[in-house]
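The values are calculated or read from the model by the stated rules, or taken from the named source; none is laboratory data. Small disclaimer: the values here were computed from a predicted structure and weren't measured. Counting neighbours? That spans all protein chains shown, and the Cβs are built from the backbone with ideal geometry, glycine included. In case anyone asks, the SASA skips ligands and DNA or RNA and just uses the protein heavy atoms, side chains included. Shrake-Rupley method; radii C 1.70, N 1.55, O 1.52, S 1.80 Å.
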Amino acid sequence: MKPKISRTMIIFVTVIAASMLSSLANADSALMRDGFKRPTDIPFPEENGYTDAKAVLGKMLFFDPRLSRENNITCASCHNPSFAWEDAQTTSVGTPMSRLGRHTPTVLNLAWGELFFWDGRSESLEEQALGPIQAGGEMAQDLDLLIAELKAVSGYVDMFEAAFPREGITAENIGKAIATYERTIVSAKAPFDHWIEGDENAINAAAKRGFELFNTKAKCASCHDGWNFTDWSFHDIGLGDADEGRYEVLDIDVLKHSFKTPGLRNINERAPYMHNGSLATLEEVVEHYDSGFVKRASLSSEMQELNLTKGEKHDLVAFIKTLSSNDPQVSLPKLPN
Amino acid sequence: MLSTPYKNATICLGLLVACTAPSFSDDSVKVTQKGKQFSEKQLSLKAGQSVLFVNDDNVAHNVYTIIKGKKQDLGLQKPNEENSIAFEQSGTYRVRCAIHPKMKMVVKVE
Ligand SMILES: [Cu+2]
């Protein structure tokens, strides 16, 4: 009799322990998932609150080639909605058809951003928008000339008046309208979001393992966290080129060769990757983080060799691909003439 | 000139203070960094007071502050490290993490 009881006991204890462990693991993964819930509202700053008039006008400006000196380039030439608001180039081509030093970043989900450009040199989207219009290598436009040009289009005069009563067409208001439109550019729900909301079949087992790795062994979430998969932080992840990035804007040692952490939404539509467009595929990105980075003094202390197995690398990529949403088609605005 | 016993006493006292004093003065304020946030959004201090910045996170931070164009940089702070900044001049300081610019606070010194 005795041995039987103890065997039952052992089984009983084992079952209890196993179920405790698995519920612990479940709690862990529930906790992990909690941090990735989508926000319900887009934040707009007090100084530039949302109105339909501003957003409609901003969209027109974003798609209007008359913003460039030679009337041949729009914001969307480089931030193209067909490529998840990038341009599929290593580094982009501007006016007059010159190569820029850095890769075009997406304008998706920037309403939640803190500092703008790869090196964070711009404090707001309002300020940022006026940069490329004037930049020699981008749209090369003189702001006063642009304002005169827009004032000659009666449709624009009316729309600026509606969006900014008694102010009309000014550089500041061009920035405000474009920024308002940009904040409305938000990626839609992806399979990952459906999974977060409780649909267990929304992503497959490999992707679920990949999510776990992303948060644990692969340590991606120490920088790519939250629903947009970025904390908007600056790091040297060891790409090895000479560009000093944020250090040129703020001379603090830790910022040498550091660049802004991009969000990872719709990322498989956004190749090539990184500030210099040097990585062509997500597989190359994962290899980079595993062991392909350059070790130098400024390398982020969050960067360590990962020793991922082939299977783990595969799972990580499978997970990242679940962040892509099938966003509604962007219609081209009719422009005033 | 101090007599020898006095001198000794002073040295002893000095040592005692050095040994027992915490690494920051009593009126220093502690601010923790956790979840990529400062525990305070705003602080009011008297000139000369200092703030001890403690990293309770599992990622590194780098606190810095600029006042009147002068920068004070605490350098890289790994998890569990701590370091303090003395706020000597009156004025309004903006404190930020150089790595995580969403981490920011305002320190008013009078
Ligand atoms: Cu930080």
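Convert each backbone phi in region A:78-90 into a coupling constant with the Karplus relation 6.51 cos²θ - 1.76 cosθ + 1.60 (shift: θ = phi - 60°), then list the ³J(HN,Hα) values in order as whole Hz, x for Gly and Pro.
Each residue of region A:78-90 in turn: 9, 9, 8, x, 6, 10, 6, 6, 10, 10, 6, 10, 4 Hz.
With charges only on Cβ, +1 for K and R and -1 for D and E, what is the dipole size of region A:189-321 about its Cα centre, in debye, rounded to 20?
180 debye
Name the shape class, rounded, prolate or oblate, that the alpha-carbon gyration tensor gives for the protein assembly as shown, where a ≥ b ≥ c are the square roots of its eigenvalues, rounded holds for a/c under 1.5, and otherwise prolate holds if a/b is larger than b/c and oblate otherwise.
Oblate, since a/c reaches 1.5 and b/c is not below a/b.
Which shape class applies to region A:46-183: rounded if a/c is under 1.5, otherwise prolate when a/b exceeds b/c and oblate if not, where a ≥ b ≥ c are the square roots of the Cα gyration tensor eigenvalues?
Cα axes put region A:46-183 in the oblate bin.
Give me the dipole magnitude in Debye, nearest 20, for the protein assembly as shown about the Cα centre, with unit charges on the beta carbon: positive for Lys and Arg, negative for Asp and Glu.
1300 debye
Helix A:52-62 sits at what angle to the longest principal axis of chain A, using alpha carbons and giving 0 to 90 degrees rounded to 10?
80 degrees
Please tell me which of these pairs span more than 23 angstrom C-alpha to C-alpha: B:LYS34/B:LYS104; A:LYS217/B:LYS102; A:LYS176/A:LYS321; A:LYS256/B:LYS102; A:LYS295/B:LYS34?
Table pairs above 23 Å Cα-Cα are A:LYS217/B:LYS102; A:LYS176/A:LYS321; A:LYS295/B:LYS34.
Please work out whether region B:40-110 counts as rounded, prolate or oblate from its C-alpha gyration tensor, where a ≥ b ≥ c are the square roots of the eigenvalues and a/c under 1.5 means rounded, while otherwise a/b larger than b/c means prolate and anything else oblate?
Here region B:40-110 falls in the prolate category.
For region A:37-63, list residues with backbone N below 13 Å from a point placed 7 Å from the Cα of A:GLU149 toward its Cβ?
A:61-63
In sequence order, what are the phi-derived ³J(HN,Hα) couplings for region A:119-134 according to the Karplus relation 6.51 cos²θ - 1.76 cosθ + 1.60 with θ = phi - 60°, rounded to whole Hz, with x for glycine and proline?
Once θ is set to phi - 60°, the couplings for region A:119-134 become 9, x, 6, 10, 8, 8, 5, 4, 5, 4, 4, 7, x, x, 4, 8 Hz.
Search the structure for amide H atoms under 5 Å from the amide H of A:ASN266, placed 1.01 Å from N in the peptide plane, and list their residues when 5 or more places away or on another chain.
Amide H neighbours of A:ASN266: A:SER324, A:SER325.
Test of understanding: given chain A, find the longest segment containing no GluC sites (Glu not before Pro) that are in a DSSP loop and have at most 15 other Cβ atoms within 10 Å.
Between the exposed loop sites, the longest stretch runs A:201-304.
Mind listing the phi-derived Karplus ³J(HN,Hα) values for region A:244-261, rounded to whole Hz, using 6.51, -1.76 and 1.60 with θ = phi - 60°, and x for any glycine or proline?
3J(HN,Hα) across region A:244-261, in whole Hz: 8, x, 4, 4, 5, 9, 9, 8, 10, 3, 4, 8, 4, 6, 9, 9, 5, 6.
At a probe of 1.4 Å, how much accessible area disappears from chains B and A on forming the pair, both sides counted, to the nearest 100 Å²?
That pair of chains buries around 1400 Å² in total.
Step through the table entries A:LYS37/A:LYS260; A:LYS219/A:LYS313; A:LYS219/A:LYS260, compare each Cα-Cα distance with 19 Å, and write down the pairs that go over it.
Cα-Cα > 19 Å for A:LYS37/A:LYS260; rest within.
What residues qualify as long-range amide H neighbours of A:LYS189, i.e. H under 5 Å apart, gap of 5 or more or another chain, H built at 1.01 Å from N?
none
What does the charge add up to near A:ASN268, with Lys and Arg as +1, Asp and Glu as -1, over the other residues with Cβ less than 14 Å from its Cβ?
Neighbour charge sum, excluding A:ASN268 itself: -2.
Leaving out ligands and nucleic acids, note down the accessible area per residue over region A:189-321 with a 1.4 angstrom probe, in whole Å².
41 Å²
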